[in-house]
1. Rounded to a whole number, what % of the accessible area of the stretch 2-271 do carbon and sulfur atoms account for, probe 1.4 Å?
2. Given R₀ = 25 Å, FRET efficiency for residue 428-residue 403 by Cβ-Cβ distance, to 0.05?
3. Choose one of 288, 348, 332: the residue whose Cα lies farthest towards the positive end of the charge dipole of the stretch 275-476 (beta-carbon charges +1 Lys, Arg; -1 Asp, Glu; about the Cα centre).
4. Report the relative contact order of the stretch 2-271, percent, no decimals, based on alpha-carbon pairs under 8 angstrom and at least 6 residues apart.
5. Is the shape of the chain best called rounded, prolate or oblate, per the rule: a/c under 1.5 gives rounded, else a/b larger than b/c gives prolate, else oblate, with a ≥ b ≥ c the square roots of the Cα gyration tensor eigenvalues?
6. Round to a whole angstrom and tell me the spacing of the C-alpha centers of the stretch 424-440 and the stretch 1-67.
7. Largest first, how would 277, 177 line up by accessible area (1.4 Å probe)?
8. Any aspartates and glutamates with Cα under 12 Å of the residue 278 Cα? List them, leaving off those in the same chain fewer than 8 positions away.
Amino acid sequence: MKPLNKQFAPKSVMPEKVIQFGEGNFLRAFVDWIIWNMDQKTDFNGSVVVVQPIEKGMADMLNGQDCLYHVNLQGRENGQPVNTLERIDVISRALNPYTQHAAFMALAAQPEIRFVISNTTEAGITFDPSCKIDDAPASSYPGKLVQLLYRRYQTFGGDRSKGLIIFPCELIFLNGHVLKDCIYKYIELWNLGEDFKTWFEEACGVYATLVDRIVPGFPRKEIAEIQEKIGYRDNLVVQAENFHLWVIEAPKEVANEFPADKAGLHVLFVPSEEPYHKRKVTLLNGPHTVLSPVAFLSGVDIVRDACNHEVISKYIHKVQFDELMQTLDLPMDELEKFAGDVLERFDNPYVDHQVTSIMLNSFPKFQARDLPGLKTYLERKGELPRGLVFGLAAIITYYKGGKRDDGTDITPNDDEKILNLLNELWATGDTQQVTDGVLGAEFIWQEDLNKISGLNTMVKQFLDLIQSVGMLEAVKSVL
């Protein structure tokens, strides 16, 4: 079989317009796939130079294939299965700034560079005061970025037209604001001066973004079949779901320079990223958090199977459409479309998404994803959302541990302090003590949930019902 490189496969040559900090599966299956589509369908005509953000990474592996690789998109669209393979050739080269520092800094002098995009993990956007301007390179991502920006400012004599547009993709709420704060700290720490600071403020833009695409990564099980199908030995195939969403908190003139919408892509330029962040957390993560213990304790292990289960599917629909959706402020038709897309994603025929993988740290997840909706629903409707409260009771029951009816071990995984609390409470055998203790655990909730009107009574009722008739029969009471 032929190796995948430009000797055996065609590769486009376009001006380098994007510096990308990060070379992992997500960026290659999301950002680079989006830019590839823009090149195919618009006049963007730009390639990506990848910068490896840490000392050990994949730059050599990428260069070994001349930065060519395939994206395998899988999922459902309009109810029909989707399974596509596309060869992506948008990355021009990959640099390791730890061994190619001069080449990395030389990017600052390329006039056609316009964008910086990053995904350096949540821990990547941090201010490290030990970094120095003359480090080769600075250890932190924001430090490297400021080194590059300052060199660009010097190279072009403060030319406002040579500023950069910066899109962080790290999974941090308002990631652009966090990154900008780090940049200001380095400008001050390194005494780079008011003129540079003004150039950065007036010529550059750092914009918060929200990214959404599930990327399982390298398809170990199917790689032989995929390589047979594409006819190349590609060791960088990346699998992802077909759904994608990129929300960018930036003005329309930025959209004109980054014409993803003209390529028919689901990339939104909006005044505020916050409502879309809230929508994702509420309508995707929120249902995930409560469906998982309900499904698992009903004997269902895969999210897709839960979506197609006669009873549990109705529970998911109730929580998502009748309860959580009613707590959001975006247009209802937009919310219904997003919720429908979420259900198609849950029902992905190609991904066996284990519900137990979602139940890691369930209490903090409920606190972040479902508790705000519970409170808003109570405030707006004057009553508690029974589906969400039942989900909380299901989490509490799951943390009791033991074995499922079919003998499967129930092994909750959370902070040791939370696990110890639940063990002590369930050891009493008294569901009232369990309810009082869990709802009153301010180290979990940052408040006493016993003060929420009616919540203690309803949680206890559901705990008693689950103990009496089992999860599958108990959940029917909220449908």
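1. Reported share for carbon and sulfur atoms: 49 percent.
2. The computed FRET efficiency comes out at 0.80.
3. Comparing the listed Cα positions along the dipole, 332 ranks first.
4. 22
5. prolate
6. Distance between centres, Cα-based: 54 Å.
7. Ranked from most to least accessible, the order is 177, 277.
8. Correct list for residue 278: 329, 370.
The values are calculated or read from the model by the stated rules, or taken from the named source; none is laboratory data. The structure presented is a predicted model; accordingly, all values stated were derived computationally and were not measured. Cβ coordinates were reconstructed from backbone atoms using ideal geometry, including for glycine residues, and neighbour counts include every protein chain displayed. Surface accessibility is based on the protein's heavy atoms, side chains included, excluding ligands, DNA and RNA. Shrake-Rupley method; radii C 1.70, N 1.55, O 1.52, S 1.80 Å.
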